[in-house]
């Protein structure tokens, strides 16, 4: 059954797009809705990425984790962070190139509010692959999170990302850490803002 024709001057938008538009003008810069449609690079920020997956699930939105075999995904830690493991597809592949191919295929479905890509230590995501991720994120209003590792001196591995953040952790008590996310690049709001949250600190989640 075909959709009825819209009056001239009208356009069809998804509910997810409307939510992202509303969030773009709100004060909460770090939320799933505010990050929708963007490629985000997070350095050493596994716990922050896990928080976005948990937020997506609380909203009834699907999320996916795509990484190389032996990546940093550790199920017990994610379960402890409030993530429903049965509702989280985890795709494991052999190398970074396959991470990008899997991401391209899954994002084209338009079925995910958040996608975390973990290409592994030392990976350098090609600009053409980043360009496709940027286009798919915008098209389907998906928050695409690219995890990178290493010191800031190593430079960005996601040069086309519209937002880049780095995490600093400080012990805040037994088994807990204060995770400070420092935004060093933000094409919408400008860099320099920060977000601090207390994270549980098991061995695998960092």
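Going by the conditions given, is residue 102 buried (at least 21 other Cβ atoms within 10 Å of the Cβ) and either farther than 18 Å from residue 41 by Cα or at pLDDT 95 or above (or both)? No.
Any residue at all in region 21-30 that is part of a strand (DSSP E or B) and modelled with pLDDT of 70 or more? Within region 21-30, none of the residues are part of a strand (DSSP E or B) and modelled with pLDDT of 70 or more.
Right, residue 107: within 21 Å of residue 34 (Cα to Cα) and modelled with pLDDT under 95 or not? Here the answer is no, as residue 107 does not meet what is asked. Of the residues making up region 66-90, those that are over 17 Å from residue 118 (Cα atoms) and in contact (Cβ under 8 Å) with a residue 40 or more places away in the chain are 76, 80, 81. Taking region 44-70 as the range and being within 12 Å of the chain's Cα centre (by Cα) and in a helix (DSSP H, G or I) as the test, the residues that pass are 46, 47, 48, 49, 50, 51, 52, 53, 54, 55, 56. Filter region 71-86 down to the residues that are at pLDDT 95 or above and either under 17 Å from the mean Cα position of the chain (by Cα) or under 16 Å from residue 52 (Cα atoms) (or both) and list them by number. Within region 71-86, 83, 84, 85 meet the criteria. Within region 87-122, the set of residues being more than 14 Å from residue 143 (Cβ to Cβ) and part of a helix (DSSP H, G or I) comprises 87, 96, 97, 98, 99, 100, 101, 102, 104, 105, 108.
The values are calculated or read from the model by the stated rules, or taken from the named source; none is laboratory data. What you see is a predicted model; the values in this text were computed from it and never measured. Quick reminder, even Gly has a Cβ in these numbers, built from the backbone with ideal geometry, and neighbours come from all protein chains shown.
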